[in-house]
Amino acid sequence: MTMARETILVVDDDQTLLELLAGHLEANGYHPLTAPDGHSGLHQAVTSKPDLVVLDVMMPGMDGWEVCRRLRSQGNVPIIMLTAKGEEIDKLRGFRLGVDDYVTKPFSFAELTARVGAVLARARAAPAVASRLTSGDLTIDFQQRRVTVAGHGVDLTPTEYHLLETLARHAHRTVPTEQLLAEVWGPAYAGEIEHVKHFVWALRKKLEADHGNPVHILTERSFGYRFE
């Protein structure tokens, strides 16, 4: 039986890039869809329900930030942002909006395809053996991949959920930052400790009553993080 190909929607106003990237994704076993601007990208996302969206930041009309915000208001489809900017403030903005990964132009198609595969793998990761974990008002249902705080559901991106699940699976033990990178992001992200910092910050914003004084996800300075 032939497995269904995962659908990747690429939104970018560079038509040449769209065509080349679509061809590369097709050659690597994905089903690519393309959109030349933010409005048509949103329409494609709603009608086609892609497995992942690759989204350029700098587009005329509706830019990538606004598209990302609207996608996140509708669901948790994995998003990889493309940008020509490499400043830390832009990455922080992306992570705050719930971006799963961030690739700076210029990039190789092989690099982007590897990131696509890594994000999709996190999104479809198998649930943990235990069915449920509760810590204070925080509950993680591993079978349903559902997180609640004080009985209210919390929307997490696939990467945020995978990081939380990994920390929870090692509850009460400090997990080194490099181990988190390896388990959650994969070997292609070795050394990118800022990824972990940004996503821990995002989790605390969503899960902690006071994210500046966390009680669930604690930092062991210069070493890693611990779930309590």
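Descending by average beta-carbon neighbour count within 10 Å, the peptides 174-183, 210-219, 158-167 line up as 158-167, 174-183, 210-219, the highest first.
Taking the Cα centre of the chain as origin and assigning +1 to Lys and Arg Cβ atoms and -1 to Asp and Glu Cβ atoms, the resulting dipole is close to 740 debye.
Taking each residue as 0.36 nm, the span from Met62 to Asp141 lengthens on full extension beyond its C-alpha to C-alpha distance by 24.8 nm. Here the label points at His43 and Val103, each 7 Å from Cα along the C-beta direction, are separated by 2.6 nm in the simple model.
About the centre of its Cα atoms, region 101-187 shows a dipole size close to 180 debye [charges on the beta carbon of Lys, Arg (+1) and Asp, Glu (-1) only; nearest 20 debye]. Axis of helix 38-48 versus longest Cα principal axis of the chain: the two differ by about 70°, to the nearest ten degrees. Axis of helix 193-207 versus longest Cα principal axis of the chain: the two differ by about 70°, to the nearest ten degrees. Label sites at Ala110 and Arg221, each approximated as a point 7 angstrom past Cα along Cα to Cβ, lie 4.2 nm apart. Counting only lysines at least 8 places from Lys197 when in the same chain, those with an alpha carbon closer than 27 Å to its own are Lys85, Lys91, Lys105, Lys205, Lys206.
Of the options (i) 8, 28, 29, 18, 11, 5, 1; (ii) 7, 33, 35, 19, 5, 0; (iii) 7, 27, 34, 24, 8, 0, only one is P(r) over Cα pairs in 10 Å bins from 0, in percent as computed from these coordinates, and that is (ii).
Expressed per residue, the C-alpha convex hull volume of region 132-227 stands at 91 Å³. Using the Cα gyration tensor of region 1-62, with a ≥ b ≥ c the square roots of its eigenvalues, what is the shape: rounded (a/c below 1.5), prolate (a/b larger than b/c) or oblate (neither)? The shape class here is oblate.
Over all distinct Cα-Cα pairs of region 23-153, the Kirkwood formula returns a hydrodynamic radius of 16.3 Å.
Just so you know, all these numbers are worked out from the coordinates, no wet-lab data involved. These figures come from a predicted structure and were not determined experimentally. Note that we place each Cβ from the backbone using ideal geometry, even for glycine, and neighbour counts take in every protein chain shown.
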